[in-house]
């Protein structure tokens, strides 16, 4: 069983950034120019509590928003992708995160949990949520020099998934505000039939994407429910994480490799793949359900 199509292209996307319409430092047009010049195909402007509209012929714009809640000991930020202005009239900032997710879905969009490590979200809280279409495993602004080092949420997600949380596809987004060191770092690579709003939204809903700060994941294949094979751009290491604290052969270090495999352990209920290149950049697959 192969995870990705052998024939469809991948499109480079950033689904989380801010403009001068909320607390970003660049205008919507300047943000779109930045990402187009950086080689992106798809962009969502996700200003806080507002849908910012902009039309481009050379960049697929996905209308989005970021809504937020403050709970005891943690914040909750949720991206709504594929939104219209109705959400600003119907969103209740004093409601619950689950109500926000339900509202996004009722309006035809998809809901993504943003930067859970930065937000101090707990596994128990994340397990309580339903209806999410994904979660940020990487958030570029959530590290030095603009923040503490909480950009990578992978360990937190492993704990959540290992304790019964819903296995969610993963996004890597910049969450650009300053457009300095954080911008153009991350991408969510979407495999879609064509570069159109309907095709991209369908691919997101179906989980046909992976997260990266550089490396490429070309294919993931499960053979006979026993062997997991990944092909990728030249990597220094590939790690197969699961809900088992230790597993033989899970860490493969072989500079320049473009393919490697992992024999699934009887104790593995899910496996996710992390590819690292010689510059230390990473790519992450969604957690793959094994049993």
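Quick one: check the C-alpha center-to-center distance for the range 1-39 versus the range 122-164, whole angstrom.
Value for the Cα centre distance between the two parts: 20 Å.
Past the 32 angstrom mark, what percentage of all C-alpha to C-alpha distances in the range 10-212 do you count? Can you show the working numbers first?
Numbers: 1481 of 20503 pairs.
Cα-Cα pairs of the range 10-212 separated by over 32 Å account for 7 percent.
Using a 7 Å offset from the Cα along the Cα-to-Cβ direction at both residue 226 and residue 258, what is the distance between the two label points in nm, to one decimal?
Output for this residue pair reads 2.8 nm.
Calculated FRET efficiency, residue 244 and residue 122, Cβ-Cβ r, R0 22 Å, to nearest 0.05? Mind showing how you got there, number by number?
Numbers: r = 22 Å, r/R0 = 1.00.
Once rounded, the FRET efficiency stands at 0.50.
Please find, in a Gaussian network model of the chain (springs between Cα atoms separated by less than 10 Å), the residue of 234, 255, 28 whose mean-square fluctuation is greatest.
Checking each option, the largest mean-square fluctuation is seen for 255.
Among 209, 270, 34, determine the one that fluctuates most according to a GNM of the chain built with springs between C-alpha atoms less than 10 Å apart.
Among 209, 270, 34, the largest GNM mean-square fluctuation belongs to 34.
Want the number for residue 107 to residue 84: 0.36 nm per residue separation, take away the alpha-carbon distance, what's left? Don't jump to the answer; show the numbers that get you there.
On the way: separation 23, 0.36 × 23 = 8.28 nm, distance 0.79 nm.
Using 0.36 nm per residue and subtracting the Cα-Cα distance, I get 7.5 nm.
At a 10 Å Cβ-Cβ cut-off, how would you order 208, 16, fewest neighbours first? Don't jump to the answer; show the numbers that get you there.
Working: 208 21, 16 29.
The fewest-first ordering by Cβ neighbours comes to 208, 16.
Can you compute the helix-only [θ] at 222 nm over the chain? Use -39500 (n - 2.57) per DSSP H run of at least 4 residues, normalise by all residues, nearest 500 deg cm²/dmol.
On the way: 6 runs with 50 residues, N = 291.
Value at 222 nm, helices only: -4500 deg cm²/dmol.
Mind pulling the angle between the C-alpha long axis of helix 97-106 and the longest principal axis of the chain? Nearest 10 degrees, somewhere in 0 to 90.
80 degrees
Starting from the 7 Å offset along Cα-to-Cβ, what nm value, one decimal, do you get for the label separation of residue 219 and residue 25?
Each label point lies 7 Å from its Cα, and together they span 4.3 nm.
Using only Cα atoms, tell me the angle between helix 197-206 and the longest principal axis of the chain; keep it within 0 to 90° and round to the nearest 10.
Its long axis makes an angle of about 50 degrees.
Taking N as the number of residues in the range 217-289, what is its Cα Rg relative to 2.2 N^0.38 Å?
Working: Rg = 11.4 Å, N = 73, 2.2 N^0.38 = 11.2 Å.
Rg over 2.2 N^0.38 Å, computed on Cα atoms: 1.01.
Kirkwood-based Rg over Rh for the range 111-188 (C-alpha set), two decimals?
Numbers: Rg = 12.4 Å, Rh = 12.6 Å.
Rounded to two decimals, Rg/Rh equals 0.98.
Sketch the reach of a paramagnetic label on residue 53 as a point 7 Å from Cα along Cα-to-Cβ, and name the residues of the range 82-104 whose backbone nitrogen lies under 17 Å away.
Only 82-90 fall inside the zone, counting backbone N under 17 Å.
Compute the acute angle (0 to 90°) between the alpha-carbon long axis of helix 28-37 and the principal axis of greatest extent of the alpha-carbon atoms of the chain; round to the nearest 10°.
30 degrees
Using label points projected 7 Å from each Cα along Cα→Cβ, tell me how many nm separate residue 195 and residue 251, to one decimal.
About 4.0 nm, to one decimal.
Would you mind telling me which residue in 147, 224, 37 has the biggest mean-square fluctuation in a Gaussian network model of the chain, where springs connect alpha carbons within a distance under 10 angstrom?
Of 147, 224, 37, the Gaussian network model singles out 224 as fluctuating most.
For residue 37 and residue 267, what does the FRET efficiency come to when R0 = 51 Å and r is the distance between their Cβ atoms, rounded to the nearest 0.05? Don't skip to the end; give the middle numbers.
Details: r = 47 Å, r/R0 = 0.92.
Computed FRET efficiency for residue 37 and residue 267 comes out at 0.60.
Give the calculated FRET efficiency between residue 6 and residue 205 to the nearest 0.05, with a Förster radius of 22 Å applied to their Cβ-Cβ distance.
Computed FRET efficiency for residue 6 and residue 205: 0.55.
Bear in mind these aren't lab numbers, they're just calculated from the coordinates by the rules spelled out. Predicted model, so just to flag it, every value in this text is computed and none were measured. In this analysis, Cβ positions are derived from the backbone assuming ideal geometry, glycine residues included, and neighbour counts consider all displayed protein chains.
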